[in-house]
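To start, the structure itself, in structure tokens.
The values are calculated or read from the model by the stated rules, or taken from the named source; none is laboratory data. What you see is a predicted model, and the numbers here were worked out from it, not measured in a lab. When we count neighbours, we look across all protein chains shown, and the Cβ atoms used for this are built from the backbone with ideal geometry, even at glycine.
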């Protein structure tokens, strides 16, 4: 399998001239994924930022075949495209779905589950920026505890969102999927390696990419990559794979980087009190204790 | 520069000339993003070590690595500053756009 | 070959003959037997297609859209709650001009829960940009599966098509049905042609794009114009079908003994058969009654209706649905079409069959008698109600 890096990565762009905000992490995730999947890719994107910024008549940002799907339907439309291509005998193609965190963990979960159950030959990318950004920063099932969004305001009574992130990666893995992984735009080589594995997987694969959103998170557009790396280094996100029925923890830091530094760099967390940060850390520690105990480490 | 190009596009003059259904050719750029920029990245190509980190991490893919030196497609650079922030040798400067 | 089969079986036979590439379906009573038969045909190899077990009707239509987006032939089937569940995807498919064909087993809408046939479900989707045809019997159901692909895929049409058959009364009733031969169907319905708006590796497309307030209206006007213009294709396909198979359905609508009729009842679907018998009986008694079988509700044959009904004194419209707060949906459409006649006939709305309630020959005869009498009656008449209203 090709080990992708900046040097050997194609110079050709397949996702270009889109109208995403400057410094958008999701758009980098889509760009890198498309560069690895190549020109024979059929992409399905539900309602969300990435479809809203790429298909505004007459300005089309994908250079490959691409379609906007109903919000709930990324998995189903991608499956349908793969089935149609198969029935027509069109070979050596990639079918990929790019959905956001809400499009995956909330409204699109059922169709994703169906696709994995059928083991359709598609790649499903979850671009996780931890809220419904396209509609104006509302809480999703992947919004972490303590996040201030426009529907989980932080105030006297609540610290913002009071739910933890759904364990999407493990929900997907529980289907017995062929290949699943988590990644972060802060670790681009790791991300690209996982896309390459997904590309070479026969059957359904899922890559959950952590991707900061300057607009929704309230940080400078230039620090997107840095924050995506800090999230992993502080243990609030993790890099892992599910392959051959086994969980593998790819990166196991001896010591976590500062959670406070990560949180306080973003206006969505600026209101957090010490005890709120304790909740976040305790949740992180419990998660890591379980991962370190039960998952292989490579 | 090896990047998707701005297309000449004529607005359909009648209903017949509109697409059949909500379909459009892909690779069909009809507007540029240069106006979004407050700062423009300028690469000091003498200092640049061609590590290509900026090429890798640009969300808009505007840095072309096909030549001997890196070239920025200023039609589509939004000036987010990721390239300058991530440049380890510090050879990309964000310069204020003069309007 | 003639076979004694149900309406659902006939649908499956018609779909098999039309050779779809992919079937995506989710079970719902009373459509289930159609998709069960199709899965058996895929299993035994008599239908070379992919069968996708989707996890909902919403995904059934979304998957069909994926299939259609790459230029392959898609089929799905649903009913009632399932149709409403997939509703979001219907204008999506029609806006992208995807020639998907769907069977809908017309069934009541909850609540109260009811699995039997009325036409409330498909009426909700009249505005979805889909062609809607209603069939009278199992033979027409089979034949329309074949016609539907030819109409939907026609380059001047490119619209998805919903073939409606009454739940249970048609889906579960056994009739002798002529099964056309595959080679004759292949000659009538060639493989799907790649149209310019589908995805292609050598000519990549972006589909289901957005068009803001600057361009949206023009896209919609084009869609509306093309759907209106599909009438001529619908009629020519029916004509061609008649030449190939010897059966004809009279295109948009069938007029039965309407020419000199004073009173005409407009029907859709299976109740047409019953009405035909009543018309024959009453004609034998010298009563000038007629039947207009409305086959297509979208596009709506307004001009043909005006021509057929301009000399009629009283038109009844049998609606197996209510648009709550107003009247039967077909009644509204018919009145709108007739309103531009110089002399507008009297009209009465007969609402019946809700939740599968019988509409008897007696009920229909009463309706004709009521329209023929000069007595005043309310514009909306409920048929076969079990208590005082």
Would you mention how many residues in segment C:368-389 are surrounded by 10 or more Cβ atoms within 10 Å (Cβ to Cβ) and not in a helix (DSSP H, G or I)? 9
Go through the residues of segment C:230-250 one by one and say whether even a single one is under 30 Å from residue B:14 (Cβ atoms) and within 14 Å of chain B (Cβ to nearest Cβ). yes
Restricting the first residue to segment A:13-24 and requiring it to be without any contact (Cβ under 8 Å) to a residue 40 or more places away in the chain, which pairs with a second residue that is in a loop (DSSP other than H, G, I, E, B) meet a Cβ separation below 6 Å and a spacing of at least six or different chains? A:20/A:53
Report, ordered by the first and then the second residue, all pairs with beta carbons closer than 6 Å, sequence separation of six or more or different chains, a first member in segment C:217-234 that is in contact (Cβ under 8 Å) with a residue 12 or more places away in the chain, and a second member that is exposed (fewer than 13 other Cβ atoms within 10 Å of the Cβ). C:233/C:156
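Is it the case that segment A:152-159 has a residue that's touching a helix residue (DSSP H, G or I) at 6+ places or on another chain (Cβ under 8 Å) and not in a loop (DSSP other than H, G, I, E, B)? Steps first, please.
Initial filter on segment A:152-159 (touching a helix residue (DSSP H, G or I) at 6+ places or on another chain (Cβ under 8 Å)): A:159.
From the residues that got through so far, the ones that are not in a loop (DSSP other than H, G, I, E, B) too are A:159.
Yes, segment A:152-159 contains at least one residue that is touching a helix residue (DSSP H, G or I) at 6+ places or on another chain (Cβ under 8 Å) and not in a loop (DSSP other than H, G, I, E, B).
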Within segment C:332-351, count every residue that is touching a residue at least 40 places away in the same chain (Cβ under 8 Å) and not in a helix (DSSP H, G or I). 1
Residues within segment C:90-118 that are over 20 Å from residue C:152 (Cβ atoms), in contact (Cβ under 8 Å) with a residue 24 or more places away in the chain and surrounded by fewer than 24 Cβ atoms within 10 Å (Cβ to Cβ), tallied: 6
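Please go through segment C:23-55 and pick out each residue that is at positive phi and at the interface with chain A (Cβ under 8 Å from one of its Cβ atoms).
none
Tell me the residue from C:362, C:353 that is under 29 Å from residue C:168 (Cβ atoms) and surrounded by fewer than 19 Cβ atoms within 10 Å (Cβ to Cβ), please. Outline the logic, then answer.
Numbers: C:353 fails: surrounded by fewer than 19 Cβ atoms within 10 Å (Cβ to Cβ).
After applying the criteria, what remains is C:362.
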Within segment C:193-209, identify whether any single residue is over 22 Å from residue A:44 (Cβ atoms) and either more than 9 Å from chain A (Cβ to nearest Cβ) or without any contact (Cβ under 8 Å) to a residue 12 or more places away in the chain (or both), and answer yes or no. yes
Is it fair to say residue A:222 is under 21 Å from the mean Cα position of the chain (by Cα) and surrounded by fewer than 16 Cβ atoms within 10 Å (Cβ to Cβ)? no
Hits in segment B:59-73 (condition: out of contact with any helix residue (DSSP H, G or I) (no Cβ under 6 Å at 6 or more places or on another chain) and either within 16 Å of residue B:94 (Cβ to Cβ) or without any contact (Cβ under 8 Å) to a residue 12 or more places away in the chain (or both)): B:60, B:62, B:67, B:68, B:70, B:72
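Can we say residue A:254 is closer than 24 Å to residue A:214 by Cα and over 22 Å from the mean Cα position of the chain (by Cα)?
Values: closer than 24 Å to residue A:214 by Cα: no; over 22 Å from the mean Cα position of the chain (by Cα): yes.
When the stated conditions are applied, residue A:254 does not pass them.
If a residue has to be within 14 Å of chain B (Cβ to nearest Cβ), over 13 Å from residue A:126 (Cα atoms) and in contact with a helix residue (DSSP H, G or I) (Cβ under 8 Å, 6 or more places away or on another chain) to count, how many in segment A:184-211 make the cut? Full working, then the answer.
To start, the set of residues in segment A:184-211 that are within 14 Å of chain B (Cβ to nearest Cβ) comprises A:184-193, A:195, A:209, A:211.
Subset that is over 13 Å from residue A:126 (Cα atoms): A:186-190, A:192-193.
Subset that is in contact with a helix residue (DSSP H, G or I) (Cβ under 8 Å, 6 or more places away or on another chain): A:186-188, A:192.
Qualifying residue count, segment A:184-211: 4.
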Which of the numbered conditions does residue C:13 fail, given that it passes all the others? Conditions: (1) within 27 Å of residue C:228 (Cβ to Cβ); (2) within 21 Å of the chain's Cα centre (by Cα). (1)
Name the residue, out of B:31, B:66, that is under 17 Å from the mean Cα position of the chain (by Cα), at the interface with chain A (Cβ under 7 Å from one of its Cβ atoms) and closer than 30 Å to residue C:211 by Cβ. B:31
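Restricting to segment A:88-104, count the residues that are more than 16 Å from residue A:213 (Cβ to Cβ) and in contact with a helix residue (DSSP H, G or I) (Cβ under 7 Å, 6 or more places away or on another chain). So that I can check it myself, show each step before the final result.
Keep residues of segment A:88-104 that are more than 16 Å from residue A:213 (Cβ to Cβ), which gives A:88-97.
Right, trim to in contact with a helix residue (DSSP H, G or I) (Cβ under 7 Å, 6 or more places away or on another chain) and you get A:93-97.
Going through segment A:88-104 one residue at a time, the tally reaches 5.
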Is there a residue being more than 14 Å from chain C (Cβ to nearest Cβ), touching a strand residue (DSSP E or B) at 6+ places or on another chain (Cβ under 7 Å) and surrounded by 16 or more Cβ atoms within 10 Å (Cβ to Cβ) anywhere in segment B:7-26? no
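Can you find even one residue in segment C:72-89 that is within 8 Å of chain A (Cβ to nearest Cβ), farther than 21 Å from residue A:118 by Cβ and surrounded by fewer than 20 Cβ atoms within 10 Å (Cβ to Cβ)?
yes
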State whether one or more residues within segment B:37-58 are within 7 Å of another protein chain (Cβ to nearest Cβ), in contact with a helix residue (DSSP H, G or I) (Cβ under 6 Å, 6 or more places away or on another chain), free of Cβ contacts under 8 Å to residues at least 40 places away in the same chain and under 30 Å from residue C:201 (Cα atoms). yes
Among the numbered criteria (1) buried (at least 18 other Cβ atoms within 10 Å of the Cβ); (2) more than 23 Å from residue C:68 (Cβ to Cβ), which one does residue C:2 miss? (1)
Considering segment A:104-115, residues that are part of a helix (DSSP H, G or I) and under 16 Å from the mean Cα position of the chain (by Cα), and then whichever is nearest to residue A:200 (Cα to Cα), we arrive at A:112
For segment B:78-99, which positions are modelled with pLDDT of 95 or more and more than 9 Å from chain A (Cβ to nearest Cβ)? B:87, B:88, B:89, B:90, B:91, B:92, B:93, B:95, B:96, B:97
